[in-house]
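Novice: Starting off with a structure, shown below.
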Amino acid sequence: RGLGDVYKRQKMDLDGKISLITGAGQGIGEGIAKVLAAHGSKVVLVDLNGDAAKKVSDQINSNIPDAAVSFQANLTDETAITAMIEFAHEKFNRLDCICNNAAASKGIGPVEDYALQDVQATLDLTFTALWKCLQAEIKYLKHHGNPASIVNISSNSALTGYAFNSIYAASKAAVNNLTQSVAKELARKNIRVNAVSPGTINTPGVKRYFEEEPSAKETLEKSSLLRRIGEPEEIGEMVAFLLSERSSFITGQIISVDGGASIN
């Protein structure tokens, strides 16, 4: 599952498509961006960390010339979201595929100990920013009238709960419901909206956690029916499918990519 393997995969009907991915500077967002590019899409990588987004776009371009561009944006800022959409339009003149991946959690611990400021920050970063992105993206897509597909990145914690990180789980549950509601609104506009719900994925944050808590890796591997941790590119493959025309009759769905952990 190395980087080289990503670029050798068969393309999935994304040739000539323009895709925007938020939170693309590392982890799941990075994996999604690389897989979409490997399947033939031009990709716009957006991240709060502009240097990280550029590093990933440079890696993509070293394998697939002129496939990627990067943009720095704080997605809690509506002005930055507008600028993100304008940047994508200026570069490629349209958007076909959108993956809203950016999210973050502030605060951890028993629910009774959560500070209101951490609750608000988590909601802002994980739900409200995605909602603001959807508003701008949908206005753009409706204005230009082109068929499109949107994928929001959720979390299995939205389905099963997340002890000591309850506000993040609740925020992602809100993302799931928003996904379904918006899918109902946009179906007649030929815009499909789905969500991907990752299980435990081998991101930099998870790797750091395993270094601090070595026993956690074995526990989480056993929580998966496949007895392993997932890779960011495996989330990317599901996103690529949902963004492509191969999933043309799928909308309003929350799809877990978790090695079976959600039913174990």
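The values are calculated or read from the model by the stated rules, or taken from the named source; none is laboratory data. Small disclaimer: the values here were computed from a predicted structure and weren't measured. Every residue, glycine among them, receives a Cβ derived from its backbone with ideal geometry; neighbour counts consider all protein chains shown. SASA here: full protein model, heavy atoms, side chains in, ligands and nucleic acids out. Shrake-Rupley method; radii C 1.70, N 1.55, O 1.52, S 1.80 Å.
Novice: I'd like to check one number: the per residue accessible area of the chain, probe 1.4 Å, reported in Å² as a whole number. Working shown, then result.
Specialist: Numbers: 12690 Å² over 264 residues.
For the chain, the per-residue accessible area is 48 Å².
Novice: What translational D, rounded to a whole number of µm²/s, comes out for region 1-138 from Stokes-Einstein when the hydrodynamic radius is the Kirkwood one over Cα pairs, at 4 °C and 1.567 mPa s?
Specialist: Diffusion coefficient, whole number: 84 µm²/s.
Novice: What is the set of long-range amide H partners of residue 152 at a cut-off below 5 Å, with H atoms built 1.01 Å from backbone N?
Specialist: 100, 194, 195, 196
Novice: For a protection proxy built on the mean count of beta-carbon atoms within 10 angstrom, sort 227-237, 44-54 highest first, please.
Specialist: Ranked from most to least packed, the peptides come out as 44-54, 227-237.
Novice: Quick one: with all protein chains in place, what share of the accessible area of region 52-137 is carbon or sulfur, to the nearest percent (1.4 Å probe)?
Specialist: On the way: 2160 of 4320 Å².
In region 52-137, the share of accessible area belonging to carbon and sulfur is 50 percent.
Novice: Per the Kirkwood definition applied to all pairs of different Cα atoms, how many angstroms is the hydrodynamic radius of region 135-264? Intermediate values should be presented prior to the final figure.
Specialist: Working: mean 1/r = 0.0632 Å⁻¹.
In region 135-264 this quantity evaluates to 15.8 Å.
Novice: Once each part is reduced to its C-alpha centroid, what is the distance from region 216-249 to region 107-145 in angstrom?
Specialist: Cα centres, region 216-249 to region 107-145: 23 Å.
Novice: Hey, if you put +1 on the Cβ of every Lys and Arg and -1 on every Asp and Glu Cβ in region 116-264, which of 214, 152, 261 ends up farthest toward the positive end of that dipole?
Specialist: Value computed over the given set: 152.
Novice: Using amide H atoms built 1.01 Å from N in the peptide plane, name the residues 5+ places from residue 257, or on other chains, whose amide H lies under 5 Å from its own.
Specialist: Placed amide hydrogens put 197, 199 under 5 Å from residue 257.
Novice: Another one. Using amide H atoms built 1.01 Å from N in the peptide plane, name the residues 5+ places from residue 225, or on other chains, whose amide H lies under 5 Å from its own.
Specialist: For residue 225, whose amide H was placed from the backbone, the distant partners under 5 Å are 260, 261.
Novice: Would you work out the Kirkwood radius for region 186-255? I mean one over the mean of 1/r across all pairs of different Cα atoms, in Å.
Specialist: Values: mean 1/r = 0.0715 Å⁻¹.
Kirkwood hydrodynamic radius for region 186-255: 14.0 Å.
Novice: If you plug each phi of region 218-231 into the Karplus form 6.51 cos²θ - 1.76 cosθ + 1.60 with θ = phi - 60°, what whole-Hz ³J(HN,Hα) values come out, in order, with x for Gly and Pro?
Specialist: Per residue, the Karplus-derived 3J(HN,Hα) values read 5, 4, 6, 4, 5, 6, 8, 4, 8, 6, 7, 8, x, 10 Hz.
Novice: Taking the Cα atoms of the chain, report the difference between the largest and smallest coordinate on each principal axis, in whole Å and largest first.
Specialist: 47, 39, 37
Novice: Right, another one. Under 15 Å from the Cβ of residue 83, count the other residues' Cβ atoms, weight Lys and Arg +1, Asp and Glu -1, and hand me the total.
Specialist: Values: positive: 91, 132, 139; negative: 47, 77, 78, 86, 90, 137.
Residues close to residue 83 contribute a combined charge of -3.
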